Amino acid sequence: MAAQDEREPLITPALPANRSGYGTVEDARDAMSKFVVNNVAGESGRKLPQYIAGLAASGGALAAGTFLGWTAPTDKPLTVEGEYGFPVSDEQFSWVGSISNLGAALMCFPIGYMMKLIGRKWSMLAMVLPLVLGWLLIIFAENVAMLMVGRFFLGVGGGAFCVAAPTYTAEIAQPSIRGTLGTFFQLMVTVGILFVYAVGAGVDVQVLSIICGVIPLVFGAIFFFMPESPYYFVEKGRYSEAASSLKWLRGAQYDENAEIEDLKQADEKVKAEAIPMLVAFRQKATVRALAISLGLMFFQQLSGINAVIFYNSAIFASANGGKEMSSASIIVGGIQVVATLLASVVVDKVGRRILLLVSDLMMAVSTILLAVYFQLKQDDPAKVDDLSWLAVLAVCLFIAMFSIGYGPVPWLMVGELFANNVKAFASPVAGVFNWLLAFLVTKVFTNLKDAMGEAGVFWLFSGISLLGTVFVFLVVPETKGKSLNNIQRLLAGEKLNADEPAGLPEPRDERDERPAQVA
């Protein structure tokens, strides 16, 4: 789901009069000072406008979170209580819950071309249409088909946001706050899920859907006033508009000339290093990066995360003798928000591998606890009369461990493992694979539960998580603190000296287009 925009040729303009040539050492030193302050330290200019634009863009993540979490509070009202006036079977609801993932997968490649053609801003604003259309179909649904089509459109809009918003945020932010702004999207996804859990506990399905449908409209009204990414304008050779965008983002007093030159150099570098897809996939580093990325996506989704997110109300009800435990879903949503915040703080301190290892191992422990609980319940329901808390605790632990490791880190590593000249077509492959796996797990969860029993399903998920832990230990390299060049050398099989400096990231590497996690 990473952006796959190809870079346009640049027409390099003449330098401004005061930078056309340097007659003295003082002039050169002054110019270099401006470049360092503006583009390396990232300390020049105002930060507040960047936070505002980043938060505005992340409004799309809130909209995405609402459609991801919608199935949890609506499962029983639609399938058991018949709230919409027409029957919805468990099998039909599994399609309603999962088909949005197909819509999201469908957008992984097209949204990159949209961002290249009309820009990041207008691509995101255009996604308001499928989101609103999707919610309208759900609000006024008269049959299961309308629910399914509505969910598909929600996936189209939400999946596109998972590409476009992180790209936009990375491109508008100065290096000193790019990491912080980069956490906004995933944080707002979890806030959206929590919002649906909380609101869904107190209103019916139609009212919940109306409230969710208002969110993309509010996003569009706010984001309309935000600037376009300056990088997009540089791609198109529209340098005066890039300057205006930077003035908006950094303040009227900001000297934007040096940063525009930096963006031009980054764009020229990407174009100069572009290679055909077939050539890229004959490179050892690219093949290994793709294998690692797809492996991480496989174990992320086959851990059962989307089944837990979409069906946690049913899990809690089953664990509590059929009684609803809506407050437990709200607690789960809150834990997800807190754990995502924690992940954003520790990921650059403790490293990627350790987070993945701890996350996957503890997810396996969580699903083992669920499997044991449901196995005891299946053998003799009386044995678990006083153990309903165990299933809730296990789900909460699962969500927390997923959110600090296997949720965000695979997407982070997709941005780090691929060289800049292959990201355009390699990263979307990982995105499509992830969404298709999310569809598969969400769709077949009910069928697996019927065929294997609840205990059997969670034994399966725990086994897959244990295999994922082994995969990380044996295959996944640590990328923390390594430059893009050193990561490519490592993937190609070269040995890096222990005392070898990490090196500075390349210009475009700092603007990696990393999509948000699914669920």
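The values are calculated or read from the model by the stated rules, or taken from the named source; none is laboratory data. None of the values given here were measured: they were computed from a predicted structure. Glycine gets a Cβ as well: all are built from the backbone with ideal geometry, and neighbour counts include every protein chain shown. Note: areas computed on protein heavy atoms with side chains; ligands, DNA, RNA excluded. Shrake-Rupley method; radii C 1.70, N 1.55, O 1.52, S 1.80 Å.
So how much slack lies between Lys349 and Arg282, counting 0.36 nm per residue of separation and subtracting their Cα-Cα distance, in nm?
Details: separation 67, 0.36 × 67 = 24.12 nm, distance 3.38 nm.
Gain on stretching Lys349 to Arg282: 20.7 nm.
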Looking only at lysines whose Cα falls under 18 Å of Lys47's and that sit 8 or more positions away or on another chain, we get Lys34, Lys247
Computed on Cα atoms, Rg of segment 60-102 relative to 2.2 N^0.38 Å comes out at 1.22
Diffing segment 136-147: the Karplus 3J(HN,Hα) column from phi (6.51, -1.76, 1.60, θ = phi - 60°), in whole Hz with x for Gly and Pro, holds 5, 4, 6, 4, 9, 4, 10, 7, 5, 4, 5, 4
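Mean shadow of segment 349-469, computed from the convex hull of its alpha carbons, in nm²? It would help to have the intermediate numbers written out before the result.
Working: hull surface 34.3 nm².
Mean shadow area of the hull around the Cα atoms is 8.6 nm².
Give the peptides 49-60, 405-416 in descending order of average Cβ contacts within 10 Å, highest first.
Numbers: 49-60: 22.6, 405-416: 25.2.
Descending packing order for the listed peptides: 405-416, 49-60.
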Diffing segment 439-447: the Karplus 3J(HN,Hα) column from phi (6.51, -1.76, 1.60, θ = phi - 60°), in whole Hz with x for Gly and Pro, holds 4, 4, 5, 5, 5, 8, 4, 4, 5
Per the rule of 0.36 nm per residue minus the C-alpha distance, extending Ala221 to Ala291 adds in nm 21.1 nm
Simple spin-label estimate for Glu241/Leu393, 7 Å along Cα→Cβ, in nm, reads 5.8 nm
Here FRET efficiency (C-beta to C-beta, Leu48 to Leu467, R₀ 60 Å, nearest 0.05) is 0.85
Sequence order, segment 397-413: Karplus ³J(HN,Hα) from phi using 6.51 cos²θ - 1.76 cosθ + 1.60, θ = phi - 60°, Hz rounded, Gly and Pro as x, gives 5, 4, 4, 4, 5, 4, 6, 8, x, 6, x, x, 5, x, 5, 4, 6
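Return one whole number: the accessible area per residue of segment 277-494 in Å², for a 1.4 Å probe.
Working: 7940 Å² over 218 residues.
Per-residue value: 36 Å².
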The correct pair for segment 94-245, radius of gyration to one decimal and Dmax as a whole number, both in Å and from Cα atoms, is 16.8, 52
Packing-ranked peptide list from 82-94, 435-447, 159-171, highest mean Cβ count within 10 angstrom first, is 159-171, 435-447, 82-94
Cα-Cα longer than 20 Å, checked against Lys349/Lys482; Lys236/Lys269; Lys271/Lys495; Lys284/Lys495, kept in input order, equals Lys271/Lys495
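Rounded if a/c is under 1.5, else prolate if a/b is larger than b/c, else oblate: which is segment 225-288, with a ≥ b ≥ c the root eigenvalues of its Cα gyration tensor?
Details: a/c = 3.13, a/b = 2.87, b/c = 1.09.
Verdict is prolate for segment 225-288.
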The Cα extents of segment 409-474 along the principal axes, largest first and rounded to whole Å, are 47, 27, 13
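Tell me, Kirkwood radius of segment 277-494 from alpha-carbon pair distances, in Å? Numbers along the way, then the final one.
On the way: mean 1/r = 0.0549 Å⁻¹.
Computed over Cα pairs of segment 277-494, the Kirkwood hydrodynamic radius comes out at 18.2 Å.
Skip the ligands, DNA and RNA, and give the accessible area per residue of segment 78-213 with a 1.4 Å probe, whole Å². Kindly include the intermediate steps, with their values, before the conclusion.
Values: 4500 Å² over 136 residues.
Result: 33 Å² per residue.
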Extension length gain for Ile210 and Asp385 (0.36 nm per residue less Cα distance), in nm, is 59.2 nm
If R0 = 51 Å, then Glu81 and Leu342, at their Cβ-Cβ distance, give a FRET efficiency to the nearest 0.05 of 0.85
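Which percent of the accessible heavy-atom area of segment 358-434 goes to carbon and sulfur, probe 1.4 angstrom? Show your work: numbers first, answer last.
Working: 1670 of 2350 Å².
Of the solvent-accessible surface of segment 358-434, carbon and sulfur hold 71 percent.
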Contact order relative to length for segment 45-226, counting C-alpha pairs under 8 Å separated by 6 or more residues, stands in percent at 41 percent
